[in-house]
Amino acid sequence: MAFHVFLIAALLLLPLPAAFSKAVRTQSLLANPLSPDPITQEQQLSLAAPRTNASTLHFRLAHREHFALNATASDLLAHLLARDAARAAALLAAPNNATRPRRRGGFAAPLLSGLPQGSGEYFAQVGVGTPATTALMVLDTGSDVVWLQCAPCRHCYAQSGRVFDPRRSRSYAAVDCVAPICRRLDSAGCDRRRNSCLYQVAYGDGSVTAGDFASETLTFARGARVQRVAIGCGHDNEGLFIAASGLLGLGRGRLSFPTQIARSFGRSFSYCLVDRTSSVRPSSTRSSTVTFGAGAVAAAAGASFTPMGRNPRMATFYYVHLLGFSVGGARVKGVSQSDLRLNPTTGRGGVILDSGTSVTRLARPVYEAVRDAFRAAAVGLRVSPGGFSLFDTCYNLSGRRVVKVPTVSMHLAGGASVALPPENYLIPVDTSGTFCFAMAGTDGGVSIIGNIQQQGFRVVFDGDAQRVGFVPKSC
């Protein structure tokens, strides 16, 4: 008996296994599977009414998938991930390739989700020309040129709404071949008969747009007008563009929209992306918006800011210095800074914050460390074998309404920490209750923080102060 007592006492003094040595921090996930009902365009557009105040312009954002009528949610997600892979591959290959005073308040636009078309992007609703033609333009922090499809079309893809016809606009003006802004194009041409500048933009996924380079007026919420914006009027457009009228380039290059309006409004903008499915829920009161000017930073009260990095070999992208992750309240081990650091000499590595990529891609050693930490912390979840598309970690949550899941946080330079809501990293992939860890590994060197992980935050691109901020629950 004495021996047994001694043995039990000795066992109690042994260190507990790691899984029990510290409680895993969790949060509640509403385990709603994908809806089996098709999404209608009318549902999406009915929520596009703009809102603004006197000093700030807002747009609502729409997810691109919201324009694929009568498609199942699971099919749309599979299509989204396929498009997203092409987008990410283009960005991963890309690196191989002064503050001005603000005199006016700002403006904004509504954003719509592109989910119904099988795209991970969001659309800004903008008026183009005089009188204004409504255009849904992809919100893209990963490119610079602003362009849209124009009549007459030689090669155009199917878009939502009427194609813009410059012949009906009183404010449309062609750009001369000798104009300085024409020479800013990476690929410029000249129609010598008309002495007008021609543009062409080729994207890494094989998509191409080409046509006339012009000056035009853009109209935002509540009639706010921005004049003489340099845009591409595309008569030949081919590739992975679906439903959108064109693209609103928000990059850091010389022709991007923020750069063009910097003299009047400054270089700052912000957006807030709600869950792409919320805009088609009748009970949803939240909407996505993009804001330019003074209101973009004014809305950043309580933001966690991190310095904005720059790649000298690819000036378009917004880089941030990602230091690591925490899962379940514990810092993830095995994350090396060498896997996340930008090499300014080669232009490789680093972490891009991108509005057009859906799924976060991490350098493979970093991803595997984060994924393995999540798997170890999620021991109470039933594993779903086989994965889904590019996701390799999935769980069967069928029959469960609320599920406790491990917390996930990103840690950035400057002391910024971004605690992700559960729906930003564990997402439904079918109608039967399968949820997957919404990150992936990449061997391309560059890591990308995608828009799924940005949902629910107001993301502030403070170009005047060269910093990026995250404000939780700010849509």
In region 378-385, is there at least one residue being touching a Phe, Trp or Tyr at 6+ places or on another chain (Cβ under 7 Å) and of a type in the set (Lys, Arg)?
yes
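Surrounded by 24 or more Cβ atoms within 10 Å (Cβ to Cβ), modelled with pLDDT of 95 or more and assigned to a strand (DSSP E or B): does that describe Val418? Give the steps one after another, and end with the answer.
Working: surrounded by 24 or more Cβ atoms within 10 Å (Cβ to Cβ): no; modelled with pLDDT of 95 or more: yes; assigned to a strand (DSSP E or B): yes.
For Val418, the condition - surrounded by 24 or more Cβ atoms within 10 Å (Cβ to Cβ), modelled with pLDDT of 95 or more and assigned to a strand (DSSP E or B) - is not met.
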Flagged in region 385-415 as among the aromatic types (Phe, Trp, Tyr) and open to solvent by less than 10 Å² (accessible area, probe 1.4 Å), in numbering order, are Phe391, Tyr395
Per the filter on region 99-131, residues part of a strand (DSSP E or B), modelled with pLDDT under 80 and open to solvent by 10 Å² or more (accessible area, probe 1.4 Å) are Gly106
Any pair with Cβ under 6 angstrom, 6 or more apart, that starts in region 187-201 at a residue that is within 14 Å of Trp147 (Cα to Cα) and ends at one that is outside any strand (DSSP E or B) and open to solvent by 40 Å² or more (accessible area, probe 1.4 Å):
Gln200/Ser187
Only one of (1) among the hydrophobic types (A, V, I, L, M, F, W, C); (2) modelled with pLDDT under 90; (3) part of a loop (DSSP other than H, G, I, E, B); (4) closer than 23 Å to Leu218 by Cα fails for Val297. Which number is that?
(3)
Report whether or not Ser338 is open to solvent by 10 Å² or more (accessible area, probe 1.4 Å) and small (Gly, Ala, Ser).
yes
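Pick out, from region 134-235, the strands (runs of 3 or more DSSP E) lying fully within it that include 1 or more residues that are open to solvent by 30 Å² or more (accessible area, probe 1.4 Å) and among the charged types (D, E, K, R). Step through it out loud before you land on a result.
Numbers: elements: 147-149, 188-191, 196-202, 208-219.
Filter on region 134-235 gives 188-191.
Residue by residue, here is whether (1) surrounded by fewer than 24 Cβ atoms within 10 Å (Cβ to Cβ); (2) in contact with a Cys (Cβ under 6 Å, 6 or more places away or on another chain); (3) at pLDDT 95 or above; (4) within 26 Å of Gln27 (Cβ to Cβ) holds:
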position: Thr259; (1), (2), (3), (4): yes, no, yes, no
position: Phe269; (1), (2), (3), (4): no, no, yes, no
position: Ser279; (1), (2), (3), (4): no, no, no, yes
position: Ala301; (1), (2), (3), (4): yes, no, no, yes
Any pair with Cβ under 6 angstrom, 6 or more apart, that starts in region 161-177 at a residue that is closer than 18 Å to Val126 by Cα and ends at one that is in a helix (DSSP H, G or I)
Tyr172/Pro166
What number of residues within region 340-366 satisfy the criterion of being within 15 Å of Ala440 (Cβ to Cβ) and in contact with a helix residue (DSSP H, G or I) (Cβ under 9 Å, 6 or more places away or on another chain)?
12
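The values are calculated or read from the model by the stated rules, or taken from the named source; none is laboratory data. This structure is a prediction, so every number in the text was calculated from the model and none was measured. In this analysis, Cβ positions are derived from the backbone assuming ideal geometry, glycine residues included, and neighbour counts consider all displayed protein chains. Note: accessible area is taken over every heavy atom of the protein model, side chains too, but ligands, DNA and RNA are not part of it. Shrake-Rupley method; radii C 1.70, N 1.55, O 1.52, S 1.80 Å.
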